[in-house]
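Chemist: Let me give you the structure first, and then I'll get to my questions.
The values are calculated or read from the model by the stated rules, or taken from the named source; none is laboratory data. These numbers come from a predicted model, not from an experiment. Every residue, glycine as well, gets a Cβ built from its backbone with ideal geometry; the counts of neighbours run over all protein chains shown. Protein only, heavy atoms only, side chains kept; ligands, DNA and RNA dropped before computing areas. Shrake-Rupley method; radii C 1.70, N 1.55, O 1.52, S 1.80 Å.
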4 protein chains.
Amino acid sequence: MKDDQTTLQELKDKMARFVRERDWEQFHTPKNLSMSIAIEAAELMEHFQWLTVEQSKNLNPTALQEIGEELADIIIYSLSLANFLGLDLAETVNAKMEKNIRKYPKEQVRGKSHKYTFYQKE
Amino acid sequence: MKDDQTTLQELKDKMARFVRERDWEQFHTPKNLSMSIAIEAAELMEHFQWLTVEQSKNLNPTALQEIGEELADIIIYSLSLANFLGLDLAETVNAKMEKNIRKYPKEQVRGKSHKYTFYQKE
Amino acid sequence: MKDDQTTLQELKDKMARFVRERDWEQFHTPKNLSMSIAIEAAELMEHFQWLTVEQSKNLNPTALQEIGEELADIIIYSLSLANFLGLDLAETVNAKMEKNIRKYPKEQVRGKSHKYTFYQKE
Amino acid sequence: MKDDQTTLQELKDKMARFVRERDWEQFHTPKNLSMSIAIEAAELMEHFQWLTVEQSKNLNPTALQEIGEELADIIIYSLSLANFLGLDLAETVNAKMEKNIRKYPKEQVRGKSHKYTFYQKE
């Protein structure tokens with residue numbers, strides 16, 4: 001499976017089968033899944049906790065492998081939540097991206113992080 | 001765009017273009033993106049914070065719409081991180097799912113949450 | 001040490017000494033500490049992930065011990081952040097509590113979670 | 001109220017009264033409170049999301065004020081959880097600190113973050 005040959009539906013279906021075959025729908029409720037995603041997000045973050053921003057850009061293969069697994073967990077639970085809620089992810093993600101494109105016009109925000117300006121001492 | 005017609009690569013490409021056109025690669029570093037995913041995961045969770053597990057299964061359309069947007073944000077930052085790290089998401093997710101299939105044999109874990117057993121008073 | 005005999009300053013001082021003796025001020029920056037708190041919060045949450053709300057109210061002593069340690073980690077990093085930023089925690093917490101008391105008048109909110117009303121189907 | 005004159009018990013009592021007067025014990029269950037702490041931790045993190053580690057060390061007074069409020073929220077929910085579980089925070093925090101003192105002998109770890117060594121390319 002490769003990103004350019006795999007649809008989101010294929011991954012959703014695989015995850016749905018995994019949950020159904022284990023009779024885990026009773027645990028994979030929206031409230032619980034939102035916690036699961038947050039927990040996996042924290043495990044991803046743990047890898048970067050003590051690194052500088054620069055260091056986080058130069059990861060060795062072992063670190064990269066572990067980080068990939070954490071990211072996979074986030075996606076996996078997200079797929080399961082989309083399955084439970086009957087959400088089309090491509091549609092939802094695309095709509096949010098279009099919203100962001102309008103919200104942050106490229107001419108105005110290029111190279112800028114507004115937060116930077118707000119937080120710093122003069 | 002629909003899940004059965006959209007590949008992960010299409011979403012990754014769209015996100016890469018969004019970041020590049022705004023010259024935001026300097027902010028979208030792995031450390032920062034891991035924080036972004038965790039922040040969006042918490043915003044998703046906020047919707048379920050005071051609901052019972054049962055209530056979280058019966059959401060009205062307005063709530064569902066808002067929840068979809070939070071889930072989209074999580075996916076969006078995950079796509080950006082995968083872009084930065086050069087990770088193939090389909091491959092990574094598939095490998096993790098296969099690992100989970102072996103780790104949790106369906107005959108043994110059906111309908112069980114091990115955590116449940118561990119935490120409760122007898 | 002007991003809660004009715006221990007001031008916040010005593011805990012802050014003990015934590016400051018721990019960090020200083022290890023020359024860890026360079027890692028205990030606000031950005032990193034905010035990540036640490038979020039990571040420990042997720043580890044706390046992990047204990048409740050698959051429990052119902054009801055089950056989470058009946059924990060056995062082993063679970064309670066582990067949960068206490070996670071909560072301690074959250075407090076520990078919060079103390080370190082307060083040290084770094086020069087924040088008086090008692091003052092800050094008290095001010096926020098007073099704000100909440102005004103924001104949620106007891107006569108109006110008694111027994112109600114507004115979120116409940118918002119999210120449910122009629 | 002100042003850190004050197006305020007015991008943890010005083011803050012716990014104030015928070016217990018706030019919850020009791022609103023009949024909110026039904027919502028302030030351990031599962032929900034663990035989510036609340038994680039959500040507030042993410043709101044704290046949001047302030048540092050796009051800052052470099054260095055920038056996060058030089059905050060202006062307005063930013064500092066907002067950050068203090070987020071930190072207060074984390075403490076507030078932690079106090080509520082300690083109340084619900086009947087945990088003595090000073091005792092729990094002190095025990096965890098003693099454990100950390102033994103786990104990280106100052107002579108061996110001074111100025112080092114093990115994570116740093118692990119993650120970087122040679």
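Chemist: D:Arg17 passes all but one of (1) more than 7 Å from every other protein chain (Cβ to nearest Cβ); (2) in contact with an Asp or Glu (Cβ under 8 Å, 6 or more places away or on another chain); which number fails?
Modeler: D:Arg17 satisfies every listed condition except (2).
Chemist: Taking C:Asn32, is it in contact (Cβ under 8 Å) with a residue 12 or more places away in the chain and closer than 19 Å to A:Trp50 by Cα?
Modeler: Here the answer is no, as C:Asn32 does not meet what is asked.
Chemist: Let me confirm something: among A:Ala63, A:Ala16, A:Ala41, which residue is of a type in the set (Gly, Ala, Ser) and in contact (Cβ under 8 Å) with a residue 40 or more places away in the chain?
Modeler: On the way: A:Ala63 fails: in contact (Cβ under 8 Å) with a residue 40 or more places away in the chain; A:Ala41 fails: in contact (Cβ under 8 Å) with a residue 40 or more places away in the chain.
After ruling out the rest, the residue left standing is A:Ala16.
Chemist: Next question, about the same structure. Scan C:Glu98, C:Glu91 and give me the residue that is more than 14 Å from chain A (Cβ to nearest Cβ) and exposed (fewer than 15 other Cβ atoms within 10 Å of the Cβ).
Modeler: From the options C:Glu98, C:Glu91, the qualifying one is C:Glu98.
Chemist: Next up: Filter the range B:24-46 for residues that are open to solvent by 10 Å² or more (accessible area, probe 1.4 Å) and at pLDDT 95 or above and give the result.
Modeler: Within the range B:24-46, B:Ala38, B:Glu40, B:Glu43, B:Glu46 meet the criteria.
Chemist: Need the failing condition index for A:Gln108 against (1) closer than 18 Å to D:Gln49 by Cβ; (2) open to solvent by 20 Å² or more (accessible area, probe 1.4 Å); (3) modelled with pLDDT under 90, just the number.
Modeler: Among (1) closer than 18 Å to D:Gln49 by Cβ; (2) open to solvent by 20 Å² or more (accessible area, probe 1.4 Å); (3) modelled with pLDDT under 90, A:Gln108 violates only (1).
Chemist: Restricting attention to the range A:34-65, and to residues there that are more than 13 Å from the chain's Cα centre (by Cα) and under 21 Å from C:Met45 (Cβ atoms), which single residue is farthest from the other protein chains (Cβ to nearest Cβ)?
Modeler: Ranking the qualifying residues of the range A:34-65, first place goes to A:His47.
Chemist: Right, something else. Which of the residues belonging to the range C:1-13 are without any contact (Cβ under 8 Å) to a residue 24 or more places away in the chain, out of contact with any strand residue (DSSP E or B) (no Cβ under 7 Å at 6 or more places or on another chain) and charged (D, E, K, R)?
Modeler: C:Lys2, C:Glu10, C:Asp13 - these are the residues of the range C:1-13 that are without any contact (Cβ under 8 Å) to a residue 24 or more places away in the chain, out of contact with any strand residue (DSSP E or B) (no Cβ under 7 Å at 6 or more places or on another chain) and charged (D, E, K, R).
Chemist: Hey, among the residues in the range A:69-87 that are facing another protein chain (nearest Cβ under 7 Å) and free of Cβ contacts under 8 Å to residues at least 24 places away in the same chain, which one's least open to solvent (accessible area, probe 1.4 Å)?
Modeler: For the range A:69-87, the residue satisfying everything is A:Ala72.
Chemist: I'd like to check something: does the range D:47-65 contain any residue that is at pLDDT 95 or above and hydroxyl-bearing (Ser, Thr, Tyr)?
Modeler: no
Chemist: Right, something else. For the range C:49-68, how many residues are open to solvent by less than 20 Å² (accessible area, probe 1.4 Å), within 15 Å of D:Ala82 (Cβ to Cβ) and not aliphatic (A, V, I, L, M)?
Modeler: 2
Chemist: Out of (1) facing another protein chain (nearest Cβ under 7 Å); (2) more than 19 Å from C:Glu46 (Cα to Cα), what's the single condition that is false for A:Pro30?
Modeler: (2)
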